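What follows is a short report on a single structure.
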Amino acid sequence: MTVEGIRVSWGWLALREPADAAARAPDLVEHLRRHLPATGRRVIHDLGSGTGSMGRWLAPLLPGPQHWVMHDRDPDLLEVAAADLPGPAADGAAVTVETRQSDIARLHPGDLADASLITASALLDLLTEDELAGLVTVCAGTGCPMLLTLSVVGRVDLTPADPLDSRVAAAFDAHQRRTTERGRLLGPDAVEVAVEGFGRLGAEVLVRPSPWRLGAFQADLAAEWFTGWVDAACEQQVELAAETNAYARRRRAEATAGQLAVTVDHADLLVLPRRPPSTW
Ligand SMILES: C[S@@+](CC[C@H](N)C(=O)[O-])C[C@H]1O[C@@H](n2cnc3c(N)ncnc32)[C@H](O)[C@@H]1O
């Protein structure tokens, strides 16, 4: 199946939104605040916005009037983003939203020309190397900061441990790096490739861990994540399905009962372009 055929469900994004908010690295927002224009309305382009969870998290942490432009290829998710708006800015200033249905792998520099900030969350690992290289060039060309959160890095930890965990993890990572008709997806390699790409263009890149830590209070998310994790691993390595039947049933029951602690490692990047903020 190609990635073009896969749609991210509203239900999955809603389930993960609180865990995403808890996981993103708060100190990068502190850095970011110092690199935004001092006055005026900030235009923030959120790439692969889904239902707009990045805006709902970040807009109230930033001061000043903000206009969010949410880009996604999925019109149904954008419809939710247009209805479920972020709260006001940190100082109470107005936050407005517009949505744009687009393929973010085919953005032109003009699409982001008015950006004061570019954001993305849970997106980079879904791209191919060429797509990410194109995005790096277009985004860096704007000269504005970029906050790119929650890219998977290929490390998960389940407690209590099970001997099958590492085989499933390896097959899942291979699934994330699978070849599609657009090319091979980056999966857990995306962070390294993005850091190198932005670095080559002279940008400073700050990297922070942003793990999901799921326990009894996030049992629904842990169970749903586990199901997707095993299913993807078995799709990648078909022979694994027979071996993981009992394992999957047992682990899912543990997760649902809040007896499985799951850490899914991610990384957040704050990209600061060469151009000093005083010139914006
Ligand atoms: C894992 S979801 C994350 C959504 C949102 N950023 C969040 O954190 O809740 C990835 C999103 O990227 C969108 N997406 C993936 N590739 C895209 C592309 N090439 N162009 C536009 N949107 C894309 C998907 O439709 C989906 O909404």
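The values are calculated or read from the model by the stated rules, or taken from the named source; none is laboratory data. Model, not experiment: these values are computed from the prediction. Methodologically, a virtual Cβ is constructed for each residue, glycine included, from the backbone with ideal geometry; neighbour enumeration extends over all protein chains shown. Areas reflect the complete protein model, heavy atoms only, side chains present, ligands, DNA and RNA absent. Shrake-Rupley method; radii C 1.70, N 1.55, O 1.52, S 1.80 Å.
What accessible area per residue comes out for the chain, rounded to a whole number of Å², with a 1.4 Å probe?
Normalised by residue count, the accessible surface of the chain is 45 Å².
For segment 217-266, what % of the accessible area comes from carbon and sulfur atoms, probe 1.4 Å?
50
What's the extension gain from residue 90 to residue 256 if we count 0.36 nm per residue and subtract their Cα-Cα distance? Show your work: numbers first, answer last.
Numbers: separation 166, 0.36 × 166 = 59.76 nm, distance 3.64 nm.
That works out to 56.1 nm of additional length.
At 222 nm, what value in deg cm²/dmol follows for the chain if DSSP H runs of at least 4 each add -39500 (n - 2.57) and the sum is divided by all its residues, to the nearest 500?
Details: 9 runs with 109 residues, N = 280.
So the calculated ellipticity at 222 nm is -12000 deg cm²/dmol.
For the chain, what is the percent of antiparallel DSSP beta bridges, rounded to the nearest 5?
Once the DSSP bridges in the chain are tallied, antiparallel ones form about 50 percent.
In nm, to one decimal, how far is the modelled label at residue 9 from the one at residue 227, with both set 7 Å along Cα→Cβ?
The modelled label-to-label distance comes out at 0.6 nm.
Return the inverse of the average 1/r over all pairs of distinct C-alpha atoms in the chain, which is the Kirkwood hydrodynamic radius, in Å to one decimal.
The answer is 19.5 Å.
For segment 8-87, what log10 I(q)/I(0) values come out of the Debye formula at q = 0.15, 0.18, 0.19, 0.22 1/Å, with one point per alpha carbon and no solvent?
-0.55, -0.77, -0.85, -1.09
Tabulate in residue order the Karplus-calculated ³J(HN,Hα) for segment 36-49, using 6.51 cos²θ - 1.76 cosθ + 1.60 with θ = phi - 60°, rounded to whole Hz; enter x for Gly and Pro.
Residue by residue, segment 36-49 yields 8, x, 5, 9, x, 6, 8, 9, 10, 9, 9, 8, x, 5 Hz.
Which whole-number percent gives the relative contact order of segment 26-160, counting Cα pairs below 8 Å spaced six or more residues apart?
Taking the mean separation of contacting Cα pairs over the length of segment 26-160, I get 25 percent.
Tell me, what is the percent relative contact order of segment 1-74, built from C-alpha pairs under 8 Å that lie six or more residues apart?
After rounding, I find 33 percent.
Hey, could you get me the Stokes-Einstein D for segment 44-162, Kirkwood radius over alpha-carbon pairs, 4 °C and 1.567 mPa s, rounded to whole µm² s⁻¹?
Using the Kirkwood radius from Cα pairs, D works out to 86 µm²/s.
Just want to confirm a number: the relative contact order over segment 193-275, from Cα pairs under 8 angstrom separated by 6+ residues, in percent. Could the numbers behind the result be given before it?
Details: 97 pairs, mean separation 44.3, N = 83.
Relative contact order here is 53 percent.
Gain in length, residue 33 to residue 133, computed as 0.36 nm per residue apart minus the alpha-carbon separation, to one decimal in nm?
33.4 nm
How many percent of the accessible area of segment 98-161 is carbon or sulfur, using a 1.4 Å probe?
Numbers: 1320 of 2600 Å².
Carbon plus sulfur share of accessible area: 51 percent.
If you roll a 1.4 Å probe over segment 28-96 with all protein chains in place, what percent of the accessible area is carbon or sulfur?
55
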